[in-house]
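This report concerns only the one structure given below.
Values quoted throughout were computed directly from the atomic coordinates according to the rules given, and no laboratory measurement underlies them. Everything numeric here is computed off the predicted structure, so don't read it as measured data. Here the Cβ positions follow ideal geometry from the backbone for every residue, glycine too, while neighbour counts run over all protein chains shown.
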Amino acid sequence: GRARRRSICAGVDLGSRQSYICCTVLAPLLLVVVLVIGAEVSYSAWIYSYAMERVGMSSNDAAWLNSLFWTAFTLGRLSIAVLASCLSPGALLVPALSINFLSNLLVLLEPDSQR
């Protein structure tokens with residue numbers, strides 16, 4: 001028979017299990033992490049501008065609101081880390097998605113949110 005020629009890129013055999021895991025697990029995970037961090041930072045910048053321009057808060061109050069966002073964000077991450085050691089992923093996912101859905105619904109039900 002004829003010997004198969006293997007594709008190698010940067011020392012990694014592209015037909016190997018390592019490259020399969022890299023392309024199907026690690027690359028999409030990296031993309032999600034980058035997008036989530038970008039969304040977090042964008043939201044924190046937006047909430048400050050929104051508080052000053054649309055709500056009319058002072059610069060100091062808008063900064064406090066931004067600090068409140070990061071404090072709540074950190075406490076949420078810490079509490080989920082503790083709960084993750086006790087509960088299954090499914091048991092965490094359903095309440096988390098429900099809270100997310102309800103908070104978005106509250107924002108949309110606010111009469112001024114349509115402007």
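Laid out as a table, the results:
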item: Cα gyration tensor shape of segment 65-104, rounded if a/c is under 1.5, else prolate or oblate by comparing a/b with b/c; result: oblate
item: Spacing of the two label points (7 Å from each Cα toward its C-beta) at L29 and A63, in nm; result: 3.9
item: Cut-off 12 Å (backbone N to label point 7 Å along Cα→Cβ of R77), residues of segment 27-44; result: 36-38, 40-41
item: Rounded if a/c under 1.5, otherwise prolate or oblate - segment 43-111, Cα gyration tensor axes; result: oblate
item: Pairwise FRET efficiency - L93 versus C22, Cβ, R0 = 25 Å, nearest 0.05; result: 0.45
